[in-house]
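Down below is the structure, laid out as C-alpha cells.
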Amino acid sequence: MVKKGSTPAPLTDTHQPPTNGNDFPPLRENIAMLLTVSGPPGSGKSTNAELLAQRFDLEHISGGDIFRELADERGYTPVEFNELAEEEAQIDKDLDRRLRTIATNQDDVLLESRLAGWLAAEHADLRFWLDAPLSVRAERIADREDKTVETARAVTERREESEAKRYQDLYDIDISDLTIYDATFNTARWGEMTVPDLLAQAVERYDVDEDEGKQPVEGVRYDF
C-alpha cells in the first residue's frame, strides 16, 4: 500500500507481450502433451476445451465427437443413439474405451468428457475440472437449448444423478471425487474469455523440474 503523499514506485511489467493477438503467455514449443478437460453440463468445458486446444495446437477430441461417430457407424442419429444408450450400457463402454485408447497411444491431444481425467489417468500431463453452481449452469443450458430454467435444472439434476450411478456401477468411479485433478475452476467467477486464459497460464507455467508428483488415479475398473 502507498502512503498518502508518497510517490508510488514504478511498476515493472514482467509479462511478455502477446505474440498472437491474445492475452496469453508465449506458447510452449516442441513439447508433446496430453491435457484433459472435464466438468458437468453447463460448466463451459466444451468452449474452454476448444479454445485451449487451439492455443496449444492440440487435437481436440470430445466425448460428443466419439458418440456421434459411434451413432453413425450403427446407422442412428445422435438423438436416437442417446435414447438407445439409456438401455445399452455397452454404448458408454465403447465410447470410454476409445477415449482410453486415445489417451494411452496419442500425444498432442486434448480430451474433453466427463470422465476424461479418469480415463486418461497417469497418461495425462494435466487434468482440469470446470464447474459452476447448478443455478448458473441451468441458466446457461436453458439459453443454449431454448428451454425454461426450471426444466433445464430438473433435467440436469436427473442426468447427473443417473451418470454418477452409472460411473460407479461400471468403473467404480466416484465422479464427485475431484482430488485427481490438477486444477479446478468455478467458471461462474470469471468472464468467459478469462477462464481459457487461466487454463493456458497453468499449462504454460507448468515446469516438470518443479513437479513433485501428480495425484494417482487408483481403483478404477477399466472393463470395457
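Any read-out appearing in this document is the output of simple, stated calculations on the displayed coordinates, not a laboratory observation. Computed from a predicted structure; not experimentally measured. Don't worry about glycine lacking a Cβ; one is built from the backbone with ideal geometry, like all the others, and counts go over all protein chains shown.
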*Treat each spin label as a single point 7 Å out from the Cα along the C-beta direction, and report the Asp207 to Asp146 distance in nm.*
5.2
_Using the Cα centre of the chain as the reference point, and only Cβ charges (+1 on K/R, -1 on D/E), how large is the resulting charge dipole? Debye, rounded to the nearest 20._
820
*asked:* Over the stretch 53-167, what is the relative contact order in percent, taking alpha-carbon pairs closer than 8 angstrom and at least six residues apart?
replied: 23
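Where both residues lie in the stretch 34-200, what percent of DSSP beta bridges are antiparallel, nearest 5? Intermediate values should be presented prior to the final figure.
Working: 0 of 16 bridges.
Within the stretch 34-200, antiparallel bridges account for around 0 percent of the total.
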*With a sphere of radius 14 Å drawn around the Cβ of Asp131, what net charge do the other residues whose Cβ falls strictly inside it have (Lys, Arg +1; Asp, Glu -1)?*
+4
*Ordering of 182-195, 114-127 by packing [mean C-beta count within 10 Å, highest first]*: 114-127, 182-195
*Picking from Gly117, Pro196, Ser46, whose Cα lies most toward the positive end of the charge dipole for the chain (charges on Cβ: Lys, Arg +1; Asp, Glu -1)?*
Pro196
*asked:* If you average the C-alpha positions of the stretch 42-116 and of the stretch 186-205 separately, how far apart do those two centres end up, in angstrom?
replied: 22
_How large are Rg and Dmax for the chain when calculated on the C-alpha trace, in angstrom?_
19.8, 75
_Helix axis angle, 89-105 relative to the chain longest principal axis, alpha carbon, degrees_ = 40
